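A quick write-up on the structure given underneath.
Nothing in this text is a laboratory measurement; each read-out follows from the coordinates by a stated rule. If you're wondering where the values come from, they're calculated on a predicted model, not measured in any experiment. We place every Cβ from the backbone using ideal geometry, glycine too, and count neighbours over all the protein chains shown.
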4 protein chains.
Amino acid sequence: MASKAIAIVAGVGPGTGAAVARRFAAAYPVALLARNPENYESLVQEINKNGGKAIGISTDVSSQESVKNAFGKIEQEFNGAPIAAAVFNASGRFVRKPLLDMTVEDLQVGWEVSVRGAFIFSQATLPGLLKYAEDGHAKYPPTLIFTGATASIKANAQMSSFASAKFAMRALSTSIAKEFAPQGVHVAHAIIDGVIDIPRTKEWLKDMPPEAKIGADDIAETYWNLHTQSKRCFTNEVDIRPMLEKW
Amino acid sequence: MASKAIAIVAGVGPGTGAAVARRFAAAYPVALLARNPENYESLVQEINKNGGKAIGISTDVSSQESVKNAFGKIEQEFNGAPIAAAVFNASGRFVRKPLLDMTVEDLQVGWEVSVRGAFIFSQATLPGLLKYAEDGHAKYPPTLIFTGATASIKANAQMSSFASAKFAMRALSTSIAKEFAPQGVHVAHAIIDGVIDIPRTKEWLKDMPPEAKIGADDIAETYWNLHTQSKRCFTNEVDIRPMLEKW
Amino acid sequence: MASKAIAIVAGVGPGTGAAVARRFAAAYPVALLARNPENYESLVQEINKNGGKAIGISTDVSSQESVKNAFGKIEQEFNGAPIAAAVFNASGRFVRKPLLDMTVEDLQVGWEVSVRGAFIFSQATLPGLLKYAEDGHAKYPPTLIFTGATASIKANAQMSSFASAKFAMRALSTSIAKEFAPQGVHVAHAIIDGVIDIPRTKEWLKDMPPEAKIGADDIAETYWNLHTQSKRCFTNEVDIRPMLEKW
Amino acid sequence: MASKAIAIVAGVGPGTGAAVARRFAAAYPVALLARNPENYESLVQEINKNGGKAIGISTDVSSQESVKNAFGKIEQEFNGAPIAAAVFNASGRFVRKPLLDMTVEDLQVGWEVSVRGAFIFSQATLPGLLKYAEDGHAKYPPTLIFTGATASIKANAQMSSFASAKFAMRALSTSIAKEFAPQGVHVAHAIIDGVIDIPRTKEWLKDMPPEAKIGADDIAETYWNLHTQSKRCFTNEVDIRPMLEKW
């Protein structure tokens, strides 16, 4: 008998990643990847305590070795289960610098996580997503979602590291969407155009009402809604902003 | 006591409009507008029979007079109820011709419905949408959705009538989104990039599996999901295509 | 013997239109169209005095009748000469208003000039452009250029009239470009993203250096450079901004 | 006395790079960079024989060390001359593969040249470009041009290496354009949307007329025209296609 399909979230932190993990954990056992175990430990406990099933694996998504190791554990833990949903939410170190002050390393850190990491994660999850696409009992098409940003479509001064990486990730998402849609895998890219309301941004926009920031739970709900779209209605890109955002 | 919020759908035909009407009728009383009463009569009966509440009004959305008359009836019928959702799904006569064979009338028919109609409909619904935005009991932010097409972002040869109108409607949607978001109205534009599976397209792509066409019910579900987004997570544009679409 | 090819500029005012007229008059006899003869009279004199050849015709480009009349005069004056270049630089009355304060007329004024006018002008000039495309002695491919604006790609609040018209004109330009390129007509759209330095904008940005505004002569030079591109190198869209523009 | 300004072209091969080198050599001494000296040797001879001044330097633009070495030679040869124009025309190994067949190396080769290389080249040339911007005798604003491709704006299936790199390079170009325009440096990105007519593509489209391919000399002319734009008229992006291109 086939194992129950799982969901995998890469880049689990205190914001979007955790919210997405909780949302998908309501439907699927989840594997949560983050470099730092502190980012998933309490969340894994919370999900397991609340009747869900979660495991956390310390993973550097920009490293093939690390991802290979993580997926070995997932394979073992979930007995080769198909993947119903995979969310790539990781982001590398953010660099904002005058071009002439940047090092090649500054440029590359954006790419390593957002592009190489997204690529490695895609390669690791697509076989499981394709397996789910062939599963006659799948409730929803398997879904691979990438978290983008304003910089995915807008490259401002001093943002060449982040923007070049996010532009590239968007291209990767579209290329994969076109290649795998005919096999039933739904790939979507989300342009998160605003400040997400997470502990790290607590002091930002603090004179503004709550509607000046994006709710992490709300992003998670939008991702869930993308997942539930049928094969006859794939959305490949959404933008997301809070009602008070200027754009 | 405030009247229960309603939903209004303009451009109700046998496809997307009807599906959207059914979906929103599950939550709200609905007013359905179409030029030809045949397009809504059986649907109104169906919704009312199934425990919902629907009225249909013969309306030419490109005419201020006709829309004014329709909204007078809606006002009266629903006792000045706020508007929870308004969907503009109307499209004018489709023209595909070599440029030198076109008349000014050929160019204008696209604009009259898709732009002037969308504008008149927006003006007619925004007061009710704003009223709902101020309603402390509103479950979801009031939502105004425009149905676009591939031609909203791609202008092919011989498509100047349709594409210029759809490009313009997209601009209208964005402009309204930016003006009214700060007051809590969620405006979204949907790029329907593929053939919708409706009676009129029955013979199209008929050697292909069902996943070569977009399901009208699936579009309706996506519209509903846009409507349920919170004020901290407005999506202003989605694309929609079937899994077998080439793009 | 074939008549010498001409250039036609619609929307000749004291800024871009006049600069374009002067630039193209250095190579071709020019016909200048503007609603108000004051806009071309001294320019026509200037060109004719300086050894060029120019005529001015009072024309409302949004009116088929008026354009037909103008092209009748051009035909007669230039003896059915082919058209080497046609530049559509007209713009309707600019409206910036809250959506709920707008009239249908406010919406339509944008469309009437920028879309219907551009369409009528295209239909009037394409036969002459095609004639030039077949001319074995043509130095450069016949060129049809549309002047767009920031609002051609960005629809801000309260800008629905201007932006919907400019988005639509951009679609028209692309559609015509795709239809007529295979016959050798080069169609280009220019996104003028900044304030043009003309008498009317004298007081704008006046604490800034000259590089905060776009030079009308510089736009003309860019249009000329578009015209001189070969059949093996058509640029269909350029953006133009002054060096101090924020974008 | 200031040395005469120079132009630098990276990615000199038998196509665009050589044509650009010839075009700019008509106005400036040129330094030509290519990994393989065969790509510039005869061209350097040709330019020097025809009254121009050229040097060639074997350079791997993806290597900081190699670029540093090359610019040391340029500095020495041209006595610290300011840079009037710098053209980045290099492209890495092209990979077109199903995603699951790709290696991380396959993904990275695109980035290494198109993004890291473009970044290193920008850092190496910007000081000389800025020096020229401050030169009161400069005829044209200093110009930095990046050669993009269809894949800069369109990410097709199996194209994730090339498209992600080209999307990223476009972001880099825009970010640099915004940072350095206020200091007078003109940065432009060219979307080459079609097959360039070079020895390597001789057999492609060979049943089509010459207008089915882009002329390398024509690209060079367009780059030259970008260079000659004034500070009051910077074009930051052009698309380029042959008249028979489908798009």
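Quick notes
- Shape analysis of region C:22-117 based on the Cα gyration tensor places the equivalent ellipsoid semi-axes at 31, 15, 11 Å, largest first.
- Amide hydrogen neighbours beyond the local backbone of B:Ala149, cut-off 5 Å, H modeled: B:Ile192
- By the helix-only formula, in which each DSSP H run with n ≥ 4 contributes -39500 (n - 2.57) and the sum is divided by residues, the protein assembly as shown has a 222 nm mean residue ellipticity of -11500 deg cm²/dmol.
- Nearest 10 degrees, 0 to 90: helix A:64-77 Cα axis against chain A principal axis: 40 degrees
- In this structure, the amide hydrogen of A:His189, modeled 1.01 Å from its nitrogen in the peptide plane, lies closer than 5 angstrom to those of A:Phe146, A:Glu237, A:Val238, counting only residues at least 5 positions away or on a different chain.
- Nearest-to-axis residue of chain B, judged by beta-carbon position, where the axis maps B onto A, in Å: B:Asn225, 2
- Using the Cβ of C:Gly184 as centre and a radius below 11 Å, the other residues enclosed give a net charge of -1, where K and R count +1 and D and E count -1.
- Cα long-axis angle, helix C:118-133 against chain C (0 to 90 degrees, to the nearest 10): 30 degrees
- Pairs of Cα atoms nearer than 8 Å and 6+ residues apart set the relative contact order; for chain C it is 19 percent.
- Inter-part distance where region B:170-200 and region A:32-111 are each reduced to a Cα centre, Å: 35 Å
- Using Cβ point charges alone (K and R +1, D and E -1), the dipole size of the protein assembly as shown about the Cα centre works out to roughly 0 debye.
- Estimated vicinal HN-Hα couplings, Hz - region C:188-205 in sequence order (Karplus 6.51, -1.76, 1.60; Gly, Pro = x): 9, 10, 10, 8, 7, 9, x, 8, 7, 7, 10, x, 5, 9, 3, 7, 6, 6
- Local charge for A:Ala157 was computed over the other residues whose Cβ lies under 12 Å away, with Lys and Arg +1 and Asp and Glu -1, and equals +4.
- log₁₀ of I(q)/I(0) at q = 0.20 Å⁻¹ - region B:28-77, Debye sum with one point per alpha carbon: -0.64
- Kirkwood Rh (inverse of mean 1/r, distinct Cα pairs), the protein assembly as shown, angstrom: 29.8 Å
- Rounded to 10°, Cα long-axis angle of helix B:216-227 versus longest principal axis of chain B: 50 degrees
- Across peptide C:212-219, the average count of Cβ atoms from other chains found within 10 Å of a residue's Cβ is 3.
- Evaluated with a Cβ-only charge set (Lys, Arg +1; Asp, Glu -1), region A:1-99 carries a dipole of roughly 300 debye about its Cα centre, given to the nearest 20.
- Shown for A:Pro209: label points 7 Å from Cα along the beta-carbon vector, and their distances to the equivalent points in the other copies, 4.4, 4.8, 6.2 nm in ascending order.
- Aspartates and glutamates with Cα under 15 Å of A:Lys68, excluding same-chain neighbours fewer than 8 positions away: A:Asp60, A:Glu77
- Couplings 3J(HN,Hα) of region D:95-103, computed from phi: 10, 10, 8, x, 3, 6, 8, 7, 9 Hz, in residue order, whole Hz [Karplus 6.51 cos²θ - 1.76 cosθ + 1.60, θ = phi - 60°; x for Gly and Pro].
- Inter-chain Cβ neighbour count for D:221-229, averaged per residue, equals 4 (cutoff 10 Å, partner chain atoms only).
- Region D:138-144 - phi-based ³J(HN,Hα) in whole Hz, Karplus 6.51/-1.76/1.60, Gly and Pro as x: 4, 6, 10, x, x, 10, 10
- Radius of gyration and maximum dimension Dmax of chain D, Cα, Å: 17.4, 59
- Take each residue in C:106-118, count the other chain C-beta atoms within 10 Å of its C-beta, and the mean is 4.
- Taking 12 Å as the straight-line reach from the Cα of C:Lys97, the aspartates and glutamates in range (excluding those fewer than 8 positions away in the same chain) are B:Glu179, C:Asp106.
- Shape of region B:103-158, Cα gyration tensor, a/c cut at 1.5: oblate
- Once backbone amide H atoms are built at 1.01 Å from N, B:Lys53 has B:Val30 as its partners under 5 Å, excluding neighbours fewer than 5 places away on the same chain.
- Relative counts (whole %) of C-alpha pair distances in region D:68-166, using bins that are 10 Å wide: 15, 36, 25, 17, 6, 0
- Inter-copy spacing of A:Glu65 label points, which lie 7 Å from Cα along Cα→Cβ, given in nm from shortest upward: 2.2, 7.9, 8.2
- Pseudo-label separations to other copies for A:Lys246 - Cα-to-Cβ vector, 7 Å, nm: 0.7, 4.5, 4.5
- Rg over Rh, two decimals, region C:205-244 (C-alpha only, Kirkwood Rh): 1.12
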